[in-house]
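Please read the structure below before turning to the comments.
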Amino acid sequence: MFTSLLFLLAYSAEPFLQVPYLQLGPARADATRLSLMWHTENSPASFSVYTRTSGATKWTAQPKITWRRIAVREIEPHLVYTAELTGLKPGAEFDYEVRRENQPVFTARGLARKTAAQRYQFAVFGDCGQNNTPQRQIAKQVQQRQPDFIQVTGDIVYSRGRISEYREKFYPIYNSEALPLLRARPIIGVVGNHDTAATDLGKYPDTLAYYYYWHQPLNGPETPERKFEGSPADLQAVQSGAGEKLNRMGSFSFTYGNSYWIAVDSNTYLDWSTPQLSAWLEKELKASQAYTWRFVTMHHPAFNSSVAHFKEQHPRWMTNLFEKYRVDLVLAGHVHNYQRTYPLQFAVSSDAPKKGVVDGKFAFDKEFDGVTKTKAKLPIYLVTGAGGAGLYDKDQGGEPGTWQSFTHKFVSNVNSFSWFEIEGKKLSFRQIDVQGREVDCFTLTK
Ligand SMILES: [Fe+2]
């Protein structure tokens, strides 16, 4: 009895609903900045955050701390705090301490964004949040390799991007005491269909948590207001919790080391062939020319050989720009397996529809083999949607006769993630499964 009372007292003193986790924050290209977020119950407290370069003695106060109250039906109102971390030493580890009423309540060691001259490594996977064994195995494999950052190519939690799902299928997997990944390294999230699919706020009032819990540059195009069903009060609760992010955070750009990243919201409420959106994409691709590596990341793949989702080909309307501006890799998820195309060129047919099956003409660079011939002349398209959720078309990877002409590698019998190591003009890629086995690899050089 006494022990359990002590436990209760200790528990009630715990100030966090979710302990701190690192985010990219609002800065596109400033390697001295990141953000830190955490969630608490619904009673504002005086928090402060201090950072210091690891090994240094002097702490620096990080004064810019804000919070928003998330008060949607079916969830206890709670507070989401965001601290802007500035003055970090690029490429260096830093310690941080979160204090509540001036008492230290959390400490961890993070890593600032690397400089263009540094080597860096990172993990990418999509379609992950199921709270199942494969998701946990991949989290463990990623943690063991010590990435500098992590990226999710959408469908972050199943199946409706709800607060309740983040609490069961995201934070306990990636930011627990046993696997303290997200407090130490920033994770970047691209929005998938399951993150935004629940438009009925009457039925799922706690959906759209992506816009509450992530903090990324708001430098994308203003997207048209989406239609949600539900009462005015439900909509008001979402708008009040998400603020500006609701119509701005789906697409954004950022830099890391010597790479330029463009994250695209590929959900079908947007049409990327329209002048407004393609102008933004082209502006970003122009800006990317100053960087050694150029990556585009989005949830829906342009090129997919799976029977699953085969008829969703709308991202093909963007690929002419990827070729024109020499994008190196286009990363996607949505399809729960791993696929790699040949470096390819694609010209949309004049009568192709905006959505559905988008036919056109292909050309492939088959000289590139990723081993001895490592300079690709055209973009390579990856599907890396095997991050935890149930696999699609498990047999198809072993049946090359069923693959489309553009597919070079296809692994669908095991969950896996993508692992990148970049040093200057050399990129080493490996696809790694739940047991740490390599299921694909290639090298790209400039
Ligand atoms: Fe999806």
Point to revise | Search result, residues across segment 316-343 that are more than 16 Å from the ligand (Cβ to nearest atom), in contact with a helix residue (DSSP H, G or I) (Cβ under 9 Å, 6 or more places away or on another chain) and not aliphatic (A, V, I, L, M) | key: W317, F322, K324, Y325, R326
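Across segment 121-133, what is the number of residues that are of a type outside the set (F, W, Y) and within 16 Å of the ligand (Cβ to nearest atom)? Let's see the steps before the verdict.
From segment 121-133, those of a type outside the set (F, W, Y) are 121, 123-124, 126-133; that's our starting set.
When the remaining residues are screened for being within 16 Å of the ligand (Cβ to nearest atom), the result is 124, 126-130.
The total comes to 6.
Go through segment 192-249 and count every residue that is in a helix (DSSP H, G or I), away from the ligand (no atom under 16 Å from the Cβ) and closer than 22 Å to F125 by Cα.
Within segment 192-249, the first condition is being in a helix (DSSP H, G or I), and the residues that meet it are 193-196, 210-213, 232-247.
When the remaining residues are screened for being away from the ligand (no atom under 16 Å from the Cβ), the result is 211-213, 232-247.
Right, trim to closer than 22 Å to F125 by Cα and you get 211-213.
Matching residues across segment 192-249 total 3.
Take the residues of segment 183-195 that are closer than 22 Å to P315 by Cα, out of contact with any helix residue (DSSP H, G or I) (no Cβ under 7 Å at 6 or more places or on another chain) and of a type outside the set (A, V, I, L, M): which is surrounded by the most Cβ atoms within 10 Å (Cβ to Cβ)? Step through it out loud before you land on a result.
We begin by selecting, within segment 183-195, every residue closer than 22 Å to P315 by Cα; these are 188-195.
From the residues that got through so far, the ones that are out of contact with any helix residue (DSSP H, G or I) (no Cβ under 7 Å at 6 or more places or on another chain) too are 188, 190, 192-194.
Now restrict to residues that are of a type outside the set (A, V, I, L, M): 192-194.
Numbers: G192: 29, N193: 18, H194: 24.
Here the residue is G192.
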Exercise for review: For R183, work out the one condition from (1) farther than 19 Å from Y81 by Cβ; (2) part of a loop (DSSP other than H, G, I, E, B); (3) away from the ligand (no atom under 16 Å from the Cβ) it doesn't fulfil.
Suggested key: (1)
Point to revise | Residue in segment 97-120 that is over 30 Å from L427 (Cα atoms), at pLDDT 95 or above, within 16 Å of the ligand (Cβ to nearest atom) and not charged (D, E, K, R) present | key: no
Exercise for review: Mind telling me which of the residues E101, E177 ends up being more than 18 Å from the chain's Cα centre (by Cα), in the same structural domain as V19 (by TED's automatic domain parsing) and not aliphatic (A, V, I, L, M)?
Suggested key: E101
Review point. Can you name the residue in segment 152-168 that is over 15 Å from the mean Cα position of the chain (by Cα) and part of a helix (DSSP H, G or I) and, of all such residues, is nearest to the ligand (Cβ to nearest atom)?
Key: E165
Exercise for review: Go through segment 206-233 residue by residue and tally those that are closer than 13 Å to I70 by Cβ and among the charged types (D, E, K, R).
Suggested key: 1
Check your understanding: If you check V307 against the conditions, is it of a type in the set (A, V, I, L, M), touching an Asp or Glu at 6+ places or on another chain (Cβ under 6 Å) and closer than 20 Å to G192 by Cβ?
Key -> yes
Check your understanding: Among F346, F362, F368, which is away from the ligand (no atom under 16 Å from the Cβ), surrounded by fewer than 17 Cβ atoms within 10 Å (Cβ to Cβ) and among the hydrophobic types (A, V, I, L, M, F, W, C)?
Key -> F362
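Could you grab me the full set of residues in segment 278-315 that are more than 16 Å from the ligand (Cβ to nearest atom) and among the hydrophobic types (A, V, I, L, M, F, W, C)?
First pass over segment 278-315, keeping only residues more than 16 Å from the ligand (Cβ to nearest atom): 278-296, 305.
The answer is A279, W280, L281, L285, A287, A290, W293, F295, V296.
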Exercise for review: Only one of these is in the same structural domain as P44 (by TED's automatic domain parsing), touching a Leu at 6+ places or on another chain (Cβ under 9 Å) and modelled with pLDDT of 95 or more: I150, I75, I70. Name it.
Suggested key: I70
Exercise for review: Kindly state which strands (runs of 3 or more DSSP E) lie completely within segment 52-151 and contain at least 2 residues that are of a type in the set (S, T, Y).
Suggested key: 78-85
Exercise for review: Confirm whether T268 is within 16 Å of the ligand (Cβ to nearest atom), within 20 Å of the chain's Cα centre (by Cα), within 30 Å of L34 (Cβ to Cβ) and in the same structural domain as A352 (by TED's automatic domain parsing).
Suggested key: no
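The values are calculated or read from the model by the stated rules, or taken from the named source; none is laboratory data. Since the model is a prediction, treat every value here as computed from it, not as a measurement. No Cβ is skipped: glycine too gets one built from the backbone with ideal geometry, and neighbour counts run over all protein chains shown.
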